Amino acid sequence: MKLAAELKAINAALDTYRQQLDEIPDDVFAETPAIGGWSFAEVYSHIMQASLGSSVAAEKCCNKTGSTTTEGLNWKGMLVFLLGRFPPGKRKAPPAVAELTKNITKEEARNLIIKVRKRLESVVPLTQHAPDNNKISHPGLGMLNAGQWIKFLRIHLEHHLAQLSRIRKSFPQE
């Protein structure tokens, strides 16, 4: 997928996050679902913070403040990028990621969505001229360059939309 298509898909995913935020009942937003795992609020906290982090990593690659290396994706990264999504199945967040994930309010989630959009507006144009060999390490996928960080951001956003769907189904429907 080309950069413009990635950005279009990212914006579509962010639109979906914003729309679903209005549809989630206030009384269950921060509630742990019966199936266990994260609440809606924790998913929004995680995905928006991770998206901001990915945009920062992409920007560092653009500004050549990452590592200049021929290292690339590890086997997990190659699989994810080949498929354009995470393989089926649930994953457990690394402890460092889980520690940063917290319940947030709907207003905080709305503000984070806006912040992610603004960051991407300034970072994505820079990635067109970023060197392919300037990379930042991803904790699970290997060394990613600027364009790969943008693609990862899209893959990650879409992955957590499926998680929101599972959480929604776990609550009784009115």
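Only the coordinates and a few stated rules stand behind these numbers; no lab work does. Everything quoted here is computed from the prediction, not taken from an experiment. Reconstructed Cβ throughout: ideal geometry from the backbone, glycine too, with neighbour counts over all protein chains shown.
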| request: Pop the C-beta distance of PHE171 and ALA93 into the FRET formula with R0 = 25 Å and round what comes out to the nearest 0.05. | output: 0.70
| query | What does the highest-first list of 146-152, 60-66, 116-122 look like by mean Cβ count within 10 Å? | reply | 146-152, 60-66, 116-122
| For the chain, modelled as a Gaussian network with Cα springs under 10 Å, which listed residue fluctuates most, GLY36, GLY140, GLY53? | GLY36
| request: Determine the gain in length on full extension of the stretch SER137-ALA5; use 0.36 nm per residue of separation and subtract their C-alpha separation, reporting nm with one decimal. | output: 45.1 nm
| query | Cα-based count: Lys pairs in the range 11-132 below 17 Å, eight or more positions apart or different chains? | reply | 5
| task | For the chain, count all C-alpha to C-alpha pairs, find those more than 26 Å apart, and express that count as a whole percent of the total. | result | 29
| the range 27-126 shape via C-alpha gyration tensor axes, a/c threshold 1.5 | oblate
| query | Given only helices, namely DSSP H runs of n ≥ 4 each adding -39500 (n - 2.57), what is the per-residue ellipticity at 222 nm of the chain, to the nearest 500 deg cm²/dmol? | reply | -20500 deg cm²/dmol
| said: Below 12 angstrom from the Cβ of GLY140, what's the summed charge of the other residues (Lys, Arg +1; Asp, Glu -1)? | reply: +3
| said: Among GLY142, VAL124, PHE86, which residue has its Cα furthest toward the positive end of the charge dipole of the chain, with +1 on Lys/Arg Cβ and -1 on Asp/Glu Cβ? | reply: GLY142
| request: Set the Förster distance to 30 Å, then compute FRET efficiency between SER67 and GLU23 from the Cβ-Cβ distance, nearest 0.05. | output: 0.10
